[in-house]
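The values are calculated or read from the model by the stated rules, or taken from the named source; none is laboratory data. All of these numbers come straight from a predicted model, not from anything done at the bench. Neighbour counts are summed over all protein chains in view; Cβ atoms, including those assigned to glycine, are modelled from backbone coordinates with ideal geometry.
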Amino acid sequence: MSERYEHDPIELKWQKRWEEAHCNEAKTDYTKPKFYGLIEFPYPSGQGLHVGHPRPFTAMDVICRKRRLEGYNVLFPMGYDAFGLPTENYAIKTGIHPAKVTETNIARFRAQLKRLGYSFDWSREISTADPEYYKWTQWIFLKLYEHGLAYKAEIPINFCTSCKVGLANEEVVDGVCERCGGQVIQMVRSQWMLKITEYAQKLIDDLDKVDYIERVKTQQRNWIGRSEGAEVDFIIANTDDKLTVYTTRPDTLFGATYMVISPEHPYIDKYKGRIANWDAVAKYREEAAHKSDFERGELNKEKTGVVLEGVSAINPVTKKEIPIWVSDYVLMSYGTGAIMAVPAHDTRDYEFAKTFNLPIVEVVAGGDVSKEAYTECEHGRMVNSGFLNGMEVAEAKKAIADYLEKEGIGHRKVNYKLRDWVFARQRYWGEPIPLVKCEKCGWVPLPESELPLKLPMLDDFSPTDDGSSCLARAKDWLHTTCPHCGGPAVREADTMPNWAGSSWYFLRYTDPHNDNALASPEALKYWLPVDWYNGGMEHTTLHLLYSRFWHKFLYDIGVVPTPEPYMKRTSHGMVLGENGEKMSKSRGNVVNPDDYIKEYGADAFRMYIMFMGAFDQPIPWNTQGTKGCRKFLERVWRLQDMINDAQGVRDSVKASYHATIKKVSEDIERMKFNTAIAAIMSFVNDIYATGSITRDELRTLLILLFPFAPHIAEEINEAAKLGSPIYEAHWPEYDESALVADSVEIGVQINGKVRARIMVPANAAKEEIEKLALESADVKPFTEGKTVRKVIVVKNIVNIVVA
RNA sequence: GCGGCUGUGGUGGAACGGCAUACACAGCGGACUUAAAAUCCGCCGGCGAAAGCUUGCGAGUUCAAAUCUCGCCAGCCGCACCA
């Protein structure tokens, strides 16, 4: 009898053995076929791992372990996205330096990850907060700056009037400060921006070059939000000045009965002297400043606005004078911050016009504009539109654009919803921006030799009164000399957003200890692109887009060899709390895996996290679940006592054996881990039904199990003396011919309803199956006295159509 | 609001447009045991008297729909300074 299955000693033993064998480290042999598997590196929070982390980690571990057995040189690295807000807030509260906090948190994460038996290449571990790492983050920023992709702009931040601190959107709850409940206002600051919009078209186009799951591509396309339309100039009445709008519907220009500008639009101040109701306008603008773009975009809220009295515009085609309104549903951040309102054919304009009794002029026939806006009108014909009358919408779009361009009052324009990236935070715990402001020379980049520009060691991390980070108080650090002229200069006190370090970390893994470059060209050439990147859907629009942008830039300047960073992108569903809600500290439903690992072992935990549901779907955590997988592993453990003397694979389990190899092999590739495990379970059930197992059957079973539950697989393999350690084994192949049984049962449908099941020879011709089906005793009653109109024979079903 | 997604037994889920409920969890029964646990073997969706009906609801396409299309209803995720 084998000993009882005790997970702790077994798992610790094999973790040590693998480490000593260096079997999970990527080789620098650039002649072998390579596989680069990547998962999103974690933010090392103070709470340690929660059960959501292991889902993608285990999945990619399964894939990478399989790839190694298939003979690939595998790079499966791990690191930490270590800069961030919670660590800094914790430091403000406790006075412990964020670097210290980060170090402690990383140590905990590392220990937890190692305990789970992941086959990470620990020799390549990185942290974005490490100066050796962020040196290159700063280097990339300087390259962006050098190529004109970094610029300063006036951008509002959330500012708590009570704490005197800049707040992240997340920290603003219902318009007030999350911490103190104080009033939050929008405060405009000059901040560094990155021109991601310059890459908008490439970021859309190159989605055709990569193998991302479709919903990721769709979400990226929608986020970038390309639209084709026109910019149109409206003359401000009684001036030579013009107000430019962007519209995707220039064809409806004759229906523009008023205009709306954003509360932040510069024309409000420009025409202050002429605005008769200035007090009302100023008040409205003040109120709008307290709302986020998100709140302002809420459609179901009542439309608000105020008209500019004394300032109006001229519709360039009807020549009519139309009013200009200010409303917060128009955002300064999209288009020109001004719109022409065509209430007959836009839902928001329609509601606004109804609220304020503005004229509604139908310009596309087909709807009923007395009831609602007619927006789905691509095939409608133009009316009330002068020279456009009678045209279809598409035709009218072209005609009006030609007209605008001919008359010089507008032009075709492609617009993107994508906005440039605000690349500055008024925070301490981030990468310093390596620029200084010289009185004489303006903004001057640090020379590469001065990188990394390290964060100064401080004791007090609280921000300053004006919303700057505490770096603004580190005078010794802040005041420096200009690298250009040697005169006095001041460093940038803002730091980079945490997205910076994560935008290129996959490059560093290829050559993590390189002092001379972010990675050597040889390493980049061999390892790139990442073959398979798995991450959460929540990162689809920000992180994934930001890192594609940086990569494309680095490609354009010759630093990286591929135009796209990731060949394949898949996404896992979130692990929700037991109540079905997203796990969060505030909801109090965070589950820590430690307890489960302790009680059931890492193998059982890993199996359950893969077995619990479809990988791409969100799933609530179930405390009971791990137990079932533990029971299964014990069932596998007991196979040791069932080994017989037979050789090879017995005929009695041959079909099942080969089917299992096929199913597990294919399902891992499709990330159908739950059904792969179900197949292994079924095979074990089949083995139990025979009462014994051969050594060859067991060895194969353990190899199939190894990606999911590597420790127990190694242990049984060793204890039963089945051969070399499994990490040195080859992934098994299956015999297609062994899969087919002599005869198969197929269903017979009459008019689409299953009425019978018949046995047919496995390789029977369609005609033969049809004959057997029609002759079946169970089928006869349904066909008697009726005409058989049609018989469809497919794979494992026959459908007989009778009438 | 905008964008993405989901809806199948008591529970988690399975099902290239082709026999709905694989594999598990829970439950029930049997064997073993003085007994219990563990283990092994088996049963196990609902409604209906039955024919049958039944994959959130309602239509459609098809020889055939959980799967495709449209419309509802319900829920989840993201929305640019959380990571």
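Just to be sure before I move on: is residue A:722 under 18 Å from residue A:657 (Cβ atoms), within 14 Å of RNA strand B (Cβ to nearest atom) and either of a type outside the set (Lys, Arg) or crowded, with 20+ Cβ neighbours inside 10 Å (or both) in the structure I sent? First the steps, then the outcome.
Values: under 18 Å from residue A:657 (Cβ atoms): yes; within 14 Å of RNA strand B (Cβ to nearest atom): no; either of a type outside the set (Lys, Arg) or crowded, with 20+ Cβ neighbours inside 10 Å (or both): yes.
So residue A:722 does not fit the description; no.
From the list A:733, A:697, pick out the single residue that is in a loop (DSSP other than H, G, I, E, B), in contact (Cβ under 8 Å) with a residue 40 or more places away in the chain and out of contact with any helix residue (DSSP H, G or I) (no Cβ under 6 Å at 6 or more places or on another chain).
Working: A:697 fails: in a loop (DSSP other than H, G, I, E, B).
Being in a loop (DSSP other than H, G, I, E, B), in contact (Cβ under 8 Å) with a residue 40 or more places away in the chain and out of contact with any helix residue (DSSP H, G or I) (no Cβ under 6 Å at 6 or more places or on another chain) holds for just one of A:733, A:697, which is A:733.
Identify all residues within the range A:666-679 that are within 8 Å of RNA strand B (Cβ to nearest atom) and buried (at least 23 other Cβ atoms within 10 Å of the Cβ); write none if there are none.
If the condition is that a residue be within 8 Å of RNA strand B (Cβ to nearest atom) and buried (at least 23 other Cβ atoms within 10 Å of the Cβ), then A:677 is the only one that fits.
Could you please give the count of residues in the range A:584-634 that are of a type in the set (Gly, Ala, Ser), within 8 Å of RNA strand B (Cβ to nearest atom) and either more than 24 Å from residue A:535 (Cα to Cα) or modelled with pLDDT under 85 (or both)?
Total satisfying the criteria: 2.
Out of the residues in the range A:146-170 that are in contact with a Gly (Cβ under 9 Å, 6 or more places away or on another chain) and within 10 Å of RNA strand B (Cβ to nearest atom), which is nearest to residue A:196 (Cα to Cα)? First the steps, then the outcome.
Within the range A:146-170, the subset in contact with a Gly (Cβ under 9 Å, 6 or more places away or on another chain) is A:157-166.
With the extra rule that they be within 10 Å of RNA strand B (Cβ to nearest atom), the set shrinks to A:157-159, A:165-166.
On the way: A:157: 20, A:158: 22, A:159: 25, A:165: 27, A:166: 24 Å.
Looking at residues that are in contact with a Gly (Cβ under 9 Å, 6 or more places away or on another chain) and within 10 Å of RNA strand B (Cβ to nearest atom), I get A:157.
Starting from the range A:497-510, take each residue that is under 22 Å from residue A:532 (Cβ atoms) and list its partners that are among the aliphatic types (A, V, I, L, M) and away from RNA strand B (no atom under 12 Å from the Cβ), counting only C-beta distances under 6 angstrom and pairs at least six apart or across chains.
That search, which allows pairs on different chains as well, returns A:506/A:38; A:506/A:530; A:507/A:518; A:507/A:519; A:508/A:126; A:510/A:519; A:510/A:523; A:510/A:524.
Between A:717, A:799, which is assigned to a strand (DSSP E or B) and modelled with pLDDT of 90 or more?
Values: A:717 fails: assigned to a strand (DSSP E or B).
After ruling out the rest, the residue left standing is A:799.
Tell me yes or no: at least one residue of the range A:433-455 is surrounded by fewer than 24 Cβ atoms within 10 Å (Cβ to Cβ), within 16 Å of RNA strand B (Cβ to nearest atom) and closer than 30 Å to residue A:477 by Cα.
So far as the range A:433-455 goes, yes, one or more of its residues are surrounded by fewer than 24 Cβ atoms within 10 Å (Cβ to Cβ), within 16 Å of RNA strand B (Cβ to nearest atom) and closer than 30 Å to residue A:477 by Cα.
Among the candidates A:756, A:773, A:777, single out the residue that is over 50 Å from the mean Cα position of the chain (by Cα) and surrounded by 14 or more Cβ atoms within 10 Å (Cβ to Cβ). Talk me through it step by step, then tell me what you get.
Values: A:756 fails: over 50 Å from the mean Cα position of the chain (by Cα); A:777 fails: surrounded by 14 or more Cβ atoms within 10 Å (Cβ to Cβ).
Only one candidate passes the filter, namely A:773.
Restricting to the range A:780-803, and then to whatever is touching a residue at least 24 places away in the same chain (Cβ under 8 Å), farther than 11 Å from residue A:750 by Cβ and β-branched (Val, Ile, Thr), can you tell me which residue is surrounded by the most Cβ atoms within 10 Å (Cβ to Cβ)?
A:793
Return the pair list, or none, for Cβ contacts closer than 6 Å from residues in the range A:35-46 that are within 12 Å of RNA strand B (Cβ to nearest atom) to residues that are β-branched (Val, Ile, Thr), at least 6 apart or on different chains.
Pairs found: A:44/A:106.
Looking at (1) polar (S, T, N, Q); (2) over 26 Å from residue A:454 (Cα atoms); (3) surrounded by 14 or more Cβ atoms within 10 Å (Cβ to Cβ), can you tell me which one residue A:127 breaks?
Every condition holds for residue A:127 apart from (2).
For residue A:73, all conditions in the list (1) in contact with a strand residue (DSSP E or B) (Cβ under 6 Å, 6 or more places away or on another chain); (2) exposed (fewer than 13 other Cβ atoms within 10 Å of the Cβ) hold save one; what is the number of the exception?
It is condition (2) that residue A:73 fails.
Considering only residues that are within 17 Å of residue A:787 (Cα to Cα) and part of a loop (DSSP other than H, G, I, E, B), look in the range A:741-776 and name the one that is farthest from RNA strand B (Cβ to nearest atom).
The qualifying residue farthest from RNA strand B (Cβ to nearest atom) is A:776.
Anything in the range A:84-100 that is within 13 Å of RNA strand B (Cβ to nearest atom) and either surrounded by fewer than 18 Cβ atoms within 10 Å (Cβ to Cβ) or assigned to a helix (DSSP H, G or I) (or both)? List them, or say none.
Residues of the range A:84-100 within 13 Å of RNA strand B (Cβ to nearest atom): A:84-91, A:98.
Correct list: A:85, A:86, A:87, A:88, A:89, A:90, A:91, A:98.
Please work out if residue A:26 is within 30 Å of residue A:431 (Cβ to Cβ), surrounded by fewer than 19 Cβ atoms within 10 Å (Cβ to Cβ) and more than 14 Å from RNA strand B (Cβ to nearest atom). I'd like the intermediate steps shown before the answer.
Numbers: within 30 Å of residue A:431 (Cβ to Cβ): yes; surrounded by fewer than 19 Cβ atoms within 10 Å (Cβ to Cβ): no; more than 14 Å from RNA strand B (Cβ to nearest atom): yes.
Answer is no for this residue.
List the number of the failed condition for residue A:400; all other conditions in (1) part of a loop (DSSP other than H, G, I, E, B); (2) in contact (Cβ under 8 Å) with a residue 60 or more places away in the chain hold.
Going through (1) part of a loop (DSSP other than H, G, I, E, B); (2) in contact (Cβ under 8 Å) with a residue 60 or more places away in the chain one by one, residue A:400 breaks only (1).
Starting from the range A:63-90, keep only residues that are closer than 17 Å to residue A:107 by Cα and of a type in the set (A, V, I, L, M), then list their pairs with residues that are more than 8 Å from RNA strand B (Cβ to nearest atom) and part of a helix (DSSP H, G or I) whose Cβ atoms are within a distance under 6 Å, requiring at least 6 positions of separation or different chains.
Close Cβ pairs (under 6 Å, with a partner that is more than 8 Å from RNA strand B (Cβ to nearest atom) and part of a helix (DSSP H, G or I)) amount to A:82/A:102.
Say whether the condition of being closer than 21 Å to residue A:530 by Cβ, in a loop (DSSP other than H, G, I, E, B) and hydrophobic (A, V, I, L, M, F, W, C) is met by at least one residue in the range A:7-28.
To start, the set of residues in the range A:7-28 that are closer than 21 Å to residue A:530 by Cβ comprises A:24-28.
Imposing the further condition that a residue be in a loop (DSSP other than H, G, I, E, B) reduces the set to A:24-28.
When the remaining residues are screened for being hydrophobic (A, V, I, L, M, F, W, C), the result is A:26.
Taking every residue of the range A:7-28 in turn, at least one turns out to be closer than 21 Å to residue A:530 by Cβ, in a loop (DSSP other than H, G, I, E, B) and hydrophobic (A, V, I, L, M, F, W, C).
Quick one: would you say residue A:348 is more than 23 Å from residue A:243 (Cβ to Cβ), basic (Lys, Arg) and touching a residue at least 12 places away in the same chain (Cβ under 8 Å)? Break it down stepwise before answering.
Values: more than 23 Å from residue A:243 (Cβ to Cβ): no; basic (Lys, Arg): yes; touching a residue at least 12 places away in the same chain (Cβ under 8 Å): yes.
Spelling it out, it is not the case that residue A:348 is more than 23 Å from residue A:243 (Cβ to Cβ), basic (Lys, Arg) and touching a residue at least 12 places away in the same chain (Cβ under 8 Å).
Is it the case, given these coordinates, that residue A:748 is modelled with pLDDT under 85 and either surrounded by 14 or more Cβ atoms within 10 Å (Cβ to Cβ) or β-branched (Val, Ile, Thr) (or both)?
Details: modelled with pLDDT under 85: no; either surrounded by 14 or more Cβ atoms within 10 Å (Cβ to Cβ) or β-branched (Val, Ile, Thr) (or both): yes.
Considered against the rule, which asks whether it is modelled with pLDDT under 85 and either surrounded by 14 or more Cβ atoms within 10 Å (Cβ to Cβ) or β-branched (Val, Ile, Thr) (or both), residue A:748 comes out as no.
Could you grab the pairs with beta carbons closer than 8 Å, sequence gap of 6+ or different chains, first residue in the range A:282-296 and among the small types (Gly, Ala, Ser), second one away from RNA strand B (no atom under 12 Å from the Cβ) and at pLDDT 80 or above?
A:288/A:263; A:288/A:264; A:288/A:328; A:289/A:185; A:289/A:263
For residue A:363, all conditions in the list (1) under 30 Å from residue A:198 (Cα atoms); (2) crowded, with 16+ Cβ neighbours inside 10 Å; (3) not charged (D, E, K, R) hold save one; what is the number of the exception?
The number of the failed condition is (1).
Could you check, for the range A:781-794, whether at least one of its residues is within 9 Å of RNA strand B (Cβ to nearest atom) and under 43 Å from the mean Cα position of the chain (by Cα)?
Scanning the range A:781-794, I find at least one residue that is within 9 Å of RNA strand B (Cβ to nearest atom) and under 43 Å from the mean Cα position of the chain (by Cα), so the answer is yes.
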